[in-house]
Amino acid sequence: MSGLSTEESAAFPNGPGKVSATEECVGPMRLTQEPIQVLLVFAKEDSQSDAFWWACDRAGFRCNIARTPESAVECFLDKHHELIVIDGRHSRYFEPEAVCRLIRATKPSENTVILAVVPQKPPDQEEPSVLPLLCAGFSRRFVENSSVSACYNELIQIEHGEVRCQFKLRACNSVFTALEHCQEAVEITSEDHIIQYVNPAFERMMGYHKGELIGKELTELPKSDKNRADLLDTINTCIKKGKEWQGIYYARKKSGDSMQQHVKITPVVGQGGKIRHFVAIKRPHIDNNNQVHKFNKEERCSGEHTQSECHPLRHRDRRKDSIDARSLSSRSSDAPSLQNRRYSSVARIHSMTIEAPITKVINIINAAQESSPVTVAEALDRVLEILRTTELYSPQLASKEDDPHTNDLVGGLMNDGLRRLSGNQYVFCKNMSQSQLAIPVTLNDVPPSIAEMLNDEECWEFNILELEAATLKRPLTYLGLKIFTSFGVCEFLNCSEATLRSWLQLMESSYHSSNSYHNSTHAADVLHATAYFLRKERVKGSLDQLDEVASLLAATVHDVDHPGRTNSFLCNAGSELAILYNDTAVLESHHAALAFQLTVRDSKSNIFKNIDRNQFRTLRQAIIDMVLATEMTRHFEHVSKFVNSINKPMAAIEETSTTSVNSDSDSQANIRNSPENRLLIKRMLIKCADVANPCRPLELCIEWAGRISEEYFAQTDEEKRQGLPVVMPVFDRNTCSVPKSQISFIDYFITDMFDAWDAFASLPGLMEHLSDNYKYWKSLDDMKCKSLRPPPPS
């Protein structure tokens, strides 16, 4: 048959074990490739062409056959095959080198692998050189062999070698296209600081042409004399450790003028785990408020912080007109005893101002019971039972001070958007970026330095950011392996440690590392807090193992695939997710649903595959309930239920205790262990774990505050670009006061919730950190400082 037989094209259906599509990663970029397309260029059908045909069938590749050079070029320009096999055994039909040159003359062929089939030579003949083939444009050669297995092996080796490399190179074109059109100046240097690439934005900003820069060492370029003398040494020390540096730097333009820039320098780790490149992103620094930018923002190396002095300040809840005297004295104490701290938290429970209408009703009924006949009191008990297990706890918020930070936080976190129609579409795309890091098979394979860090994971002061740096932003898998092992999760689920590892790796890869806050490090931080709370005596005595496993799994997945934007943003933008979930708990519903979709999709990472149906349904429901509890629109409802159904009844038992300790203990246990109240405990546990940053040691608290602020700044930037309603106008990167935002968040959301949780779980260390951190933010606010740290002394 002459020419191309289109019906000889094989788009073979995939049999068992055949790959229908391949996925590759270039850095954080996920690249999906359909089945590889192969073009066979054989003038005549013979055993060799048949062998390659059936080898393609076995490998799941799509195959076309061309009989002439012209039809080969025509077919290639239509299909853009990844691999071309040219018969070079019989030059009487066509010259294989000429066919190869014809194809190489086309633009699409630059990323195509071309294989020459050459004839076998007698043993007494010298092996011919491959140089003529390489010069003609062939990638490699194949000595004729009509065995299907031999052809299959050759195809598979090419797929895993040259084809995948070419595929990555082809994808890099899109990355460089993005760089060429990027508005920020980008400079890439080698490990020896030799300039490898600058984009047009860099050329425009600095006044150089790239030809004047590429190949030069950074030390050869003129420097501005406005930088601090030791700034360059500080930057080099930071980035050589593999840490990101960002701050303010004066650069000297070609014209000789000095230009103040905001610079972020990121080390890129390559082959052998060594730093191979440095990527610097630069933009002009606009200083709208000198007081804002004169703090130590000039120099910030990720993972390193300096202690800042802060002035003691009394912590006062701005939502309350009065504060319980015992509460105030407890807060102002520098070193309260565990017992005093706990009793002061119990005292504050009674003075809380989270007064939903249903709370008032319950208080009235409680008062009426005291003077009612037994039959009436019993009836009222039944009324209370109904009220405490029905969704009637949403509070009516009291009027707030005229504070834009508080108003914006409440409005942004507790509303599902402005519900207005918008022509803008925020299409939410999932970013399942896979890291290239080797992941330990078991705990025994964890590197010693990381294993040593994990020895401290039971301590509240455990530094998750150090683990983030040591694991190259993969802390969730390592910490998860340690915590899940200590809680016997594999034994409970009847799954292997390898399955658990695959699941943790899958979940971590489904977080967006590009998010400054909602990434896998936040998930690991919430998992750590969850484990810490589960180990507290009263919590441990209230929950069974299924509750513990559900809590750990919920913490791990609670923000999976988070886009770095709030629910309000997605609703206002008319995103696909907001439409799917009817503008209600959009992200939380997505996190829970996606977690189960990913888990059951592949047996190797399905941690639920060996448990029975009833247990799975119970576990699944518990995980979904906890993930949905992290949604802030029902924040006060969950806290109010916890206070009125658990805190206050238990406090009443303690305060009226005149009989034996055992009977009181039994009464409290009955309150804690009811199915309804165990549900409330789990909700409260994950809510506190999710927003525990203000209760962490000061340096961790500061770093997390910076990360969440940056994420909100980025959202405000995007809302303005897209013409969407600005959900939190106060989070404008040019005007925002970070201390004020932290003070508002602590006053409005954190204080009452952690008072209630402390009264139950006894957490004196956390409450001490909360008090200290509040004083720190208040001291910055009193200084009119809007940044994370005070300005350096003048």
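The values are calculated or read from the model by the stated rules, or taken from the named source; none is laboratory data. Nothing here was measured: the structure is a model prediction, and the numbers come from that model. Neighbour counts run over all protein chains shown; Cβ positions are idealised from the backbone, glycine included. Each accessible area value is taken on the protein alone, full model and side chains, heavy atoms only, with ligands, DNA and RNA left out. Shrake-Rupley method; radii C 1.70, N 1.55, O 1.52, S 1.80 Å.
What the table shows:
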| quantity | calculated |
| --- | --- |
| Tally of residues being crowded, with 16+ Cβ neighbours inside 10 Å and either part of a loop (DSSP other than H, G, I, E, B) or aliphatic (A, V, I, L, M) (or both) across region 157-180 | 4 |
| Members of region 425-482 found to be farther than 24 Å from ARG535 by Cβ and at pLDDT 85 or above, listed by number | PRO447, PRO448, SER449, ALA469, LEU472, LYS473, ARG474 |
| Neighbours by Cβ (under 6 Å, 6+ apart or cross-chain): first from region 760-777, touching a residue at least 24 places away in the same chain (Cβ under 8 Å); second open to solvent by less than 30 Å² (accessible area, probe 1.4 Å) and of a type in the set (A, V, I, L, M, F, W, C) | ALA761/VAL539; GLY765/TRP460; LEU766/CYS695; HIS769/CYS695; LEU770/CYS695; ASN773/CYS701; TYR774/ILE746; TRP777/ILE743 |
| Residue among VAL600, VAL627 that alone is open to solvent by less than 30 Å² (accessible area, probe 1.4 Å) and within 29 Å of ARG565 (Cα to Cα) | VAL627 |
| Criterion violated by ASN670 - all others in (1) closer than 29 Å to ILE362 by Cβ; (2) in contact (Cβ under 8 Å) with a residue 24 or more places away in the chain satisfied | (2) |
| Residue within region 723-741 that is within 30 Å of ALA669 (Cβ to Cβ), in contact (Cβ under 8 Å) with a residue 12 or more places away in the chain and surrounded by 21 or more Cβ atoms within 10 Å (Cβ to Cβ) present | no |
| Pick from region 782-794, criterion surrounded by 18 or more Cβ atoms within 10 Å (Cβ to Cβ) and of a type in the set (D, E, K, R), ranking: nearest to SER709 (Cα to Cα) | LYS786 |
| Scan of region 528-560 for residues that are open to solvent by less than 10 Å² (accessible area, probe 1.4 Å), farther than 20 Å from ILE464 by Cα and touching a Leu at 6+ places or on another chain (Cβ under 9 Å), ordered by number | VAL539, ASP547, VAL549, ALA550 |
| Qualifying positions in region 754-768 - surrounded by fewer than 21 Cβ atoms within 10 Å (Cβ to Cβ) and out of contact with any Phe, Trp or Tyr (no Cβ under 8 Å at 6 or more places or on another chain) | SER762, PRO764, GLU768 |
| Region 464-486 - residue that is surrounded by fewer than 19 Cβ atoms within 10 Å (Cβ to Cβ) and over 17 Å from the mean Cα position of the chain (by Cα) and, of those, farthest from HIS769 (Cα to Cα) | THR485 |
| Helices (runs of 4 or more DSSP H) enclosed by region 667-758 - at least 2 residues per element that are at pLDDT 95 or above, within 23 Å of the chain's Cα centre (by Cα) and more than 19 Å from HIS558 (Cα to Cα) | 698-722, 738-745 |
| Residue count, region 597-607 (criterion: assigned to a helix (DSSP H, G or I) and either without any contact (Cβ under 8 Å) to a residue 12 or more places away in the chain or closer than 21 Å to GLY488 by Cα (or both)) | 7 |
| Test: residue in region 693-706 that is open to solvent by 30 Å² or more (accessible area, probe 1.4 Å) and within 30 Å of GLU768 (Cα to Cα) | yes |
| Leading residue by the ranking (least open to solvent (accessible area, probe 1.4 Å)) among those in region 487-520 that are in contact with a Leu (Cβ under 9 Å, 6 or more places away or on another chain) and among the acidic types (Asp, Glu) | GLU508 |
| Hits in region 572-584 - residues which are open to solvent by 10 Å² or more (accessible area, probe 1.4 Å) and not β-branched (Val, Ile, Thr) | GLY574, GLU576, LEU577, LEU580, TYR581, ASN582, ASP583 |
| Single condition LYS720 does not satisfy, out of (1) over 30 Å from SER513 (Cα atoms); (2) free of Cβ contacts under 8 Å to residues at least 40 places away in the same chain | (1) |
| Residues located in region 109-123, provided they are polar (S, T, N, Q) and assigned to a loop (DSSP other than H, G, I, E, B) | THR112, GLN120 |
| Per-region count, region 181-218, residues exposed (fewer than 13 other Cβ atoms within 10 Å of the Cβ) and closer than 13 Å to LYS282 by Cβ | 2 |
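Table: residues versus (1) open to solvent by 20 Å² or more (accessible area, probe 1.4 Å); (2) of a type in the set (D, E, K, R).
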{"position": "ASP57", "(1), (2)": "yes, yes"}
{"position": "ILE84", "(1), (2)": "no, no"}
{"position": "ALA105", "(1), (2)": "yes, no"}
{"position": "GLN125", "(1), (2)": "yes, no"}
